[in-house]
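Participant: The structure's right below; bear with me while I get my questions together.
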Amino acid sequence: MTLVGFSSFSHEGASAYPPSARATGHGGACDPAVMTWHEIERAQLAQALLDVTPDAPTLCEGWQARHLAAHVVLRERSPIVSAGIAVPALASRAEAAIATLADQASTEGAYRDLVARVADTPARWHPASWVGESANVIEFFVHTEDVRRGAGSVPARELDAGLVDALWSHLPRAAAGRLRGAPVGVVLVRDDGVRHHLRAPKADYGTVVVRGAVGELVLYLLGRGAAADVRVEGDADDVATIEAVLPSR
C-alpha cells in the first residue's frame, strides 16, 4: 500500500489510507471487503504513527514513535533485524540498526517518510510477504496500541467482529512464548463469555482466569498488561505467579 503523495501533506489531518482503503463509515475502520485484516491493521498503525510526533512515547520501553516505526520497517526488510527477534546473539545488532534508522527520522519530514515505509507492504518475493495474517495481524494491532496508549489511557478502539475473530484465532500461538516461564494454568474468558483453555498448570500450581475484551487480552498476553483492561482471577499465589511473568494493572 504505497501512500501516494505522502510526503507532501501536512501532519494535521493526514491520512495513511490509500483511496481504496479509506474509512467506510464503520467507526473509521478500513473496508475488510477489499483488504485483509493485517493490511487493515498495517494502515491503522501507519495512521496512529502519523497522529503523533516522532518523539512521542510508546508502550515499548525505551522506544519513541520513530523507533517503533524503524522496527516495523526493518523487521520486514533487514535479515539481521528479523533474525534478531528470535536469535538472542543477534539482538544487539538488531537494536543498533533500529536505533540508527530511528535517529535518521528525528525530523518531521524524515519521520513521515519512514511512516510511509511502514505503510508499504514488503516486496512479494520477500519472506515477510508470505506469512501474511498469521504473523502480522497481532503484530500490527499491538503496535498500533503501543502508539495510541503510549502517552496514557485512551478509549479502546471499537473492533470489527471479523478482526476480533482474527485476533482470537492467532492469540494462542502468539502468547505461547510469553507464557513459557509461567507454571500456572491459564484460561481466557472473552467479554462475550467465550472461553479458551490456553494452558494446563504444572506440578502443584492452579489455574488463573483472565477476563477481558479480545483486544485487551491480546495486549495483556503480549506484555502490555499495564495498559490493558483485564481481570486476573484465581488463588492469590497463582495470581502472584503469573503477575511475575505478565504484570497487569
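Participant: What's the Cα-based Rg to Rh of segment 109-247, Rh via Kirkwood? Display every interim value, and only then the final one.
Facilitator: Details: Rg = 16.7 Å, Rh = 16.4 Å.
On the Cα set of segment 109-247, Rg over Rh gives 1.02.
Participant: Another question, if that's okay. Using the count of nearby Cβ atoms within 10 Å as a rough guide to exposure, how do H170, H143 rank from fewest to most?
Facilitator: Details: H170 21, H143 26.
Lowest to highest Cβ neighbour count: H170, H143.
The numbers here are math on the coordinates, done by the rules we state, and not lab data. None of these values were measured; they are calculated from a predicted model. In this analysis, Cβ positions are derived from the backbone assuming ideal geometry, glycine residues included, and neighbour counts consider all displayed protein chains.
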